[in-house]
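Data first, discussion second: the structure below is written as structure tokens.
What follows draws every value from the coordinates through simple rules; no lab data is involved. All values reported here derive from a predicted model rather than from experimental measurement. Here Cβ is always computed from backbone atoms with ideal geometry, including for glycine, and neighbour counts include all displayed protein chains.
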Amino acid sequence: MPDFKTNPSDITVHNDGEKIITWNISLNTGITIIDDQHKHLVDLTNELYQACKLGGDALDTVFKITMSSMVEYVRFHFSFEQNMLQRVKYPKFTEHKAMHDELIKTVLETTKDYGDKKSRFVPNNFVRFLRDWIVGHIGHEDKIYAAYVLDLKKKGLITDKDING
């Protein structure tokens, strides 16, 4: 099996400081609907990063709103991805779902911690955590299931309907 690990140096950080992560083709899974959803997660991560840079009351407002959007979108994306993996009978579904569950737990804990402490370090650390999670999970774990899905499609064992729902 090919090595699907994404090197963190393949994911760019803008020198102008506008983004903490820029979508890079090394993150593509080859499944268009999944890649589009992943790009939105990258956008939300960058919005959180911008909120961190604002500081003060703006940080409070933007971080809370964007975290709420992140929670909703992560749940939507994971639900979509997990339903797809069940439709194609992905053999490592349980392990993959457990990784998703862990991220949701971390997102919810971070939101609570920020509300309790109002610490600038919570959002800053969380944004870096998200960047690293995107590189590790999408750049490695999702590429493994994508190879499985695309192989099934190539063999004619599944269709776009199985992938897209």
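Couple of notes before you dig in:
- Residues with amide H under 5 Å from that of Thr22, placed H, sequence gap 5 or more: Thr12
- Cut-off under 5 Å, modelled amide H: who pairs with Ile158 long-range: Lys153
- Counting every other Cβ atom within 10 Å of each residue's Cβ, Val107, Val71, Val149 order from fewest to most as Val71, Val107, Val149.
- Ordered by the number of other Cβ atoms lying within 10 Å of each residue's own Cβ, fewest first, Asp57, Asp43, Asp101 fall into the sequence Asp57, Asp101, Asp43.
- Counting Cα-Cα pairs of the stretch 8-164 in 10 Å increments starting at 0 gives whole-percent bin shares of 10, 39, 32, 15, 4, 0.
- Legend: distances between Cα atoms for Lys92/Lys154; Lys64/Lys143; Lys64/Lys92; pairs beyond 24 Å are Lys64/Lys143; Lys64/Lys92.
- Near-label residues of the stretch 70-95 by backbone N, under 15 Å of a point 7 Å along Cα→Cβ of Phe129: 70-71
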